[in-house]
Amino acid sequence: MAYSSSSSLFTYFTLLFLVLFSTQLLGAAAKHYPVRHRHIASHNYRDALTKSIMFFEGQRSGRLPPNQRITWRRNSGLSDGSAAHVDLVGGYYDAGDNVKFGFPMAFTTTMLSWSVIEFGGLVKGELQNAKEAIRWATDYLLKATAQPDTIYVQVGDAGKDHACWERPEDMDTPRSVFKIDKNTPGTEVAAETAAALAAASLVFRRSDPTYSKLLATRAIRVFEFADKYRGSYSNGLKPYVCPYYCDFSGYQDELLWGAAWLHKATKNRMYLNYIQANGLTLGADESDNTFGWDNKHVGARILLSKVTFILNNYFFSHFVRSIDGSSYNFQAFLVQKVQSLHDYKSHADNYICSLIPGTPYSSAQYTPGGLLFKMNDSNMQYVTSTSFLLVTYAKYLTSAHMVVKCGGVTVTPKKLRTLAKRQVDYLLGDNPLKMSFMVGYGARYPLRIHHRGSSLPSTATHPAKIQCSAGFSVMKSPSPNPNILMGAIVGGPDQRDCFPDQRSDYEQSEPATYINAPLVGSLAYLAHSFGQL
């Protein structure tokens, strides 16, 4: 039996080697990015890319740098952390309020980093700005994880903050500090923070190796804490984090996601062993098809599918050495690693099939105007995250010379890019309203976004403090926001492509960092693809 298994395995590898070797001779070393489109783009993706990154400067907390481009903002939150005798100055306000939530901030950081990892080589002049956006977050996350087995996961009392409508520069609501530790675990936040630090370490590996090493080392420690002390922060900190950023999907997806990023950052095989041993119990085979700040399963599948391609290449190098006379030592490696990880490629394919209209497994809902629609509250976050996964998976498939099989329908990388482009184009103005959902882009865009700093007069034009309740008269006003939060992407239209542009409608009119972060990668790809970069 052992001889038969080994013999068939050898035959399989021989055929596989011949196919790949032929492919290499025919140009497998070509770039992973497709040939640029010859057609003229309907949008200025480069301009949108610049603005999508600039948006993060409008969300900054802390002491602003001299090169701050959104100049109506000023310093804020300079005593953050003092309630717990720690330094938690910096980081980002996640959306239109003045609270710093660690869970979405970490996911934002991971996605910004992934955008740069995959497409940073294309963005040229914007690369430095993207790195600064990432570093603004990682500097804060390093502060939040400075103490072993402790992570500060929130600054600000959300309930009291939401009872006011005031500029971050005027904040007088309690800057309460909330943490997770051994006694009050928060596996999902800790594992996502580890993912963010690990992903960011790859961004700075060449430009700042010392900083990169610090991020990777901290990521390892934080992931160990996440895995060792398991529990949801939505339980221990429920009165403070819910209903704002409760964890509805469980923490298993973050453990899988965090391990995948740590493997990518460290190349340590123990993280593959962890994924192999724990994948099923962590929900690797679940059929959930939503990717966002709460659920990372789909993202982990896409990320791990690339590992499958890499390990296949690793196998080939060993196979070539073996037929040259070196030791025949790859069988156990392949059986234990490549085959188990191949399931992630299958799960990633299933996700793709669920998105493509016309395939037997299509389940995604689209508005009459063609926008992917998941839910009423901040639907655009799923549009941007899905678009990013589409262009990224298309890149992986192209490099591996593979396609997706959806029943009897073959889905090519080109098909994925086309769908992603259609979603981005809708966001930028190709929709029934002929309206861009990115502030500052195009001739028509949201004017009354649900954002305190944007809606209230700046400190430059109105130096006097605006009291807590005084701002609500502005919030309810139909007047346009006086300050342009350049690049902000709002929650978006409803399932009938309607958008009222009302400041009080936070579900549709509120921007958020985790909406913008994945779009950075998609815009970088599109800008390059159409020769704009």
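Values computed for the structure shown
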item: Solvent exposure of the chain as accessible area per residue, Å², 1.4 Å probe; result: 40
item: Region 119-190: radius of gyration over Cα atoms, expressed as a fraction of 2.2 N^0.38 Å; result: 1.48
item: Estimated D of region 391-446 in µm² per second, where Rh is the Kirkwood radius over Cα pairs and Stokes-Einstein applies at 20 °C, 1.002 mPa s; result: 166
item: Protein accessible area in the chain, 1.4 Å probe - carbon and sulfur %; result: 55
item: Degrees, to the nearest 10: 45-58 long Cα axis against longest axis of the chain; result: 60
item: Convex hull of Cα atoms in the chain, direction-averaged projection (nm²); result: 25.6
item: Rg/Rh for region 186-246, where both radii come from Cα atoms and Rh is the Kirkwood radius; result: 1.12
item: Isolated Cys residues of the chain, judged by Cβ distance under 4.7 Å to other cysteines; result: CYS498
item: Karplus (6.51, -1.76, 1.60) ³J(HN,Hα), θ = phi - 60°, over region 434-448, in Hz, Gly and Pro reported as x; result: 6, 10, 7, 9, 10, 4, x, 10, x, 6, 9, 8, x, 10, 10
item: Among 406-414, 149-157, 516-524, 177-185, the order from most to least packed when residues are scored by Cβ within 10 Å on average; result: 516-524, 149-157, 177-185, 406-414
item: The chain: angle of helix 380-400 to the longest principal axis, Cα-based, in degrees nearest 10; result: 20
item: Descending semi-axes in whole angstrom, ellipsoid equivalent of region 433-496, from the Cα gyration tensor; result: 25, 13, 9
item: List TYR251, TYR361, ordered by accessible area with a 1.4 Å probe, largest first; result: TYR361, TYR251
item: Acute angle (nearest 10 degrees) that the helix 187-203 long axis makes with the longest principal axis of the chain, alpha-carbon atoms; result: 80
item: Of LYS143/LYS296; LYS374/LYS414; LYS143/LYS465; LYS267/LYS405, pairs whose Cα-Cα distance is over 27 Å; result: LYS143/LYS465; LYS267/LYS405
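The values are calculated or read from the model by the stated rules, or taken from the named source; none is laboratory data. Please read these numbers as outputs of a predicted model, since none were measured by experiment. Note that we place each Cβ from the backbone using ideal geometry, even for glycine, and neighbour counts take in every protein chain shown. Protein only, heavy atoms only, side chains kept; ligands, DNA and RNA dropped before computing areas. Shrake-Rupley method; radii C 1.70, N 1.55, O 1.52, S 1.80 Å.
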